[in-house]
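Trainee: My structure is below; once you've seen it, I'll send some questions.
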Amino acid sequence: MSQQPGNPAFRTARRERGWHSQADVADAYAAHAAALGEPAGIDVRQVRRWESARPGWPNIQARRILVAMFHCPLEELGFTPPAGTAEERATGVEEDAVRRRTFLQGGVAATSWLAPVGGPGRLEAALANARRYGGHGLAGHLRAALDEIARADSSTGPRQVLPAAMELLAVIDALVREVTSPVRSELLSIGARAAEFTAWLHRDGGSPAHVTVYFHDRAAEWATVTGDGPMHAYVLLRKAQATDRHDPARMLDLAHAAAHGPWALPPRAQAEALQQEARALALTGAPPDAVARTLAAAHHALDQAPPAEPASCSGPLCAGYGLDRLMAQSAISHREAGQAGRAVDLLQQHLTRGAFAPRDRAFFTAHLSGALAAAGEPDQAASTGLTALRLAAAPGYGQALRELRRTAAQLRPHARRPAVRELRQALTALTV
C-alpha cells in the first residue's frame, strides 16, 4: 500500500502543539504574526499547501512567524530550503539568523532575567538562564519572573511589557517539552497564568480580538491539563471581561459559567465573576432586581473571603480584590442598566477613598466620565475625562481609552462647549 501523500512532518509538529486542524494553525499563525508586528495572515488553503508533498520554501516573513510558532528549523517541518546560487546561500545564512530570533526581536524587555543579551539569541539565552534552576527552583524562578513583569506593567503599561511576557511564554513552552512530572505540571500551571496575563496585555494594548482569544485558549488548555478548575473558571471570567459590550449574550454565558460551573472559585474570584454576570445581565436588559440579586451574591461571596493578600500574578486568584473595586465595578453595572446617577455616586465615593492601581484608576475614572455624560453633566464629564486621559495616555491603557472614546461620542451633541471640545481634541490628537 502506498504511503499517504503529504508532509507528515508538518502535520505531526502542529498536532504535538495542540493544533488539531488546519484552521487552528491559521489562527495561531495570525496570533504570532500580530505579536511580531507583521501585517500578515494565512488561510486554511495555505496551511493545506504546507502539508502537501512538496511544500515551497516560505518567504522571509512567513519563516519568521513559523519559527516563532514551532521553535524549530523549518527543515524539521518538511520544508526544503533552496541551494546553489549565491543569493540562495545568503538566504540560508539569513535563515540561520531567523532561527535565533524570538517573538520579541526589537522589543523592550521589562525584566533583567529575560534580557541577558540583546539582539539575536535572546530566547536561547533566557532558556539557558532558566535551565540553571533545577526542579522546583525552576518553577519558583518562573513565578518570580511573571510577577516582575506584572509589576512592570502596572507602571509602564501593556505595550512596554508585552515583549517580555511573550518571551516568558516561549521559555515555558520550550521547557515543558524537556521536563517530566511533577515539575512539568508546575510549569504548565505557571504557563496558564502567564498565557492569561499575556491575553490581558494584548487586550489592553489594542491587539486584534482573535489574538486575545488565542492566548486565553492556551491558558484554558493548560489549566485543564493540570486539573486546575478554578484557573479554568478564571479564564472564562477574563474572557467575559474581554467580550465587547455589544455581545452581552456571550458575556453572560461566560460570566455565568465562571461563577456557577463545576469548580470552587476562591471567594474573591467568585465575587468578581458574579459582578461580571450582573453587568452582563444589565446589558441584556434583565430586570433591575435580577441585577441587584446578583450583585448581592457578589457581596456575600466577598464577605466569606479570608483577609486580603498582596496581589500577584502567580499567587491566589484575585487576592487583592476588595470592596472598593467591587463597588466600582457595581457602578458600571448600574451605568449599563441606565442608572447613571447611582453609578456617579458610587464611583465618586470609591475613587476618592479606594487605593487603586494606576490602570484601574484610569479605567474607573473613564467610566465616571461616561456616567456623568449620561447623567446630563457634559462639562463635568469632559473634565473628568481629561483626568482619565492624563492617567491612561502615556502607558497606553487601552480599556480606559476605549471608554473615553465612548464618552466622547456621547458628548457629541455638546461639542461646542469648551471642556468637551478640549477632550475630543485631545483624543483625536492621541490617535494621530
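The values are calculated or read from the model by the stated rules, or taken from the named source; none is laboratory data. Note that the coordinates shown come from a computational prediction; the quantities given were computed from them, not determined experimentally. Glycine also receives a Cβ, built like all others from the backbone with ideal geometry; neighbour counts cover every protein chain displayed. The accessibility values were calculated without ligands, DNA or RNA, using every heavy atom of the protein model including side chains. Shrake-Rupley method; radii C 1.70, N 1.55, O 1.52, S 1.80 Å.
Trainee: Which of rounded, prolate or oblate describes the stretch 258-355 when judged by the alpha-carbon gyration tensor and an a/c cut-off of 1.5?
Mentor: On the way: a/c = 2.36, a/b = 1.29, b/c = 1.83.
Cα axes put the stretch 258-355 in the oblate bin.
Trainee: So what does His414 come to for accessible area, using a 1.4 Å probe and Å² rounded to 10?
Mentor: In the full protein context, His414 sits at about 70 Å².
Trainee: Let me ask another. Quick one: net charge around Ala382, please, counting Lys, Arg +1 and Asp, Glu -1 for every other residue with C-beta under 15 Å from its C-beta. Don't skip to the end; give the middle numbers.
Mentor: Working: positive: Arg390, Arg405, Arg406, Arg412, Arg416, Arg417, Arg421, Arg424; negative: Glu377, Asp379, Glu403, Glu422.
Local net charge: +4.
Trainee: Using the Cβ atoms and a cut-off under 14 Å, what net charge is assigned to the surroundings of Arg421, where Lys and Arg are +1 and Asp and Glu are -1?
Mentor: On the way: positive: Arg412, Arg416, Arg417, Arg424; negative: Asp379, Glu422.
Once positives and negatives cancel, what remains is +2.
Trainee: Find the relative contact order for the stretch 310-432 and round it to a whole percent, using C-alpha pairs within less than 8 Å whose residues are 6+ positions apart.
Mentor: On the way: 155 pairs, mean separation 23.9, N = 123.
Once divided by the residue count of the stretch 310-432, the mean separation gives 19 percent.
Trainee: Please turn the phi angles of the stretch 386-396 into ³J(HN,Hα) values with the Karplus equation 6.51 cos²θ - 1.76 cosθ + 1.60 (θ = phi - 60°), one per residue in order, whole Hz, x for glycine and proline.
Mentor: Taking θ as phi minus 60°, the curve returns 5, 4, 4, 5, 5, 6, 9, 5, 4, x, x Hz for the stretch 386-396.
Trainee: ³J(HN,Hα) across the stretch 193-206 via Karplus (A = 6.51, B = -1.76, C = 1.60, θ = phi - 60°), whole Hz, x for Gly/Pro?
Mentor: So the Karplus estimates, Gly and Pro as x, are 5, 5, 5, 5, 5, 5, 4, 4, 4, 4, 4, 6, x, x Hz.
Trainee: What is the local net charge at Asp228, summed over the other residues whose Cβ is closer than 12 Å to its Cβ (Lys, Arg +1; Asp, Glu -1)? Could the numbers behind the result be given before it?
Mentor: On the way: positive: Arg193; negative: Glu186, Glu196, Glu221.
Around Asp228, the charge tally is -2.
Trainee: Per-residue HN-Hα couplings for the stretch 223-230, Karplus 6.51 cos²θ - 1.76 cosθ + 1.60 at θ = phi - 60°, whole Hz, x for Gly and Pro?
Mentor: Whole-Hz 3J(HN,Hα) from phi for the stretch 223-230: 5, 5, 4, 8, x, 8, x, x.
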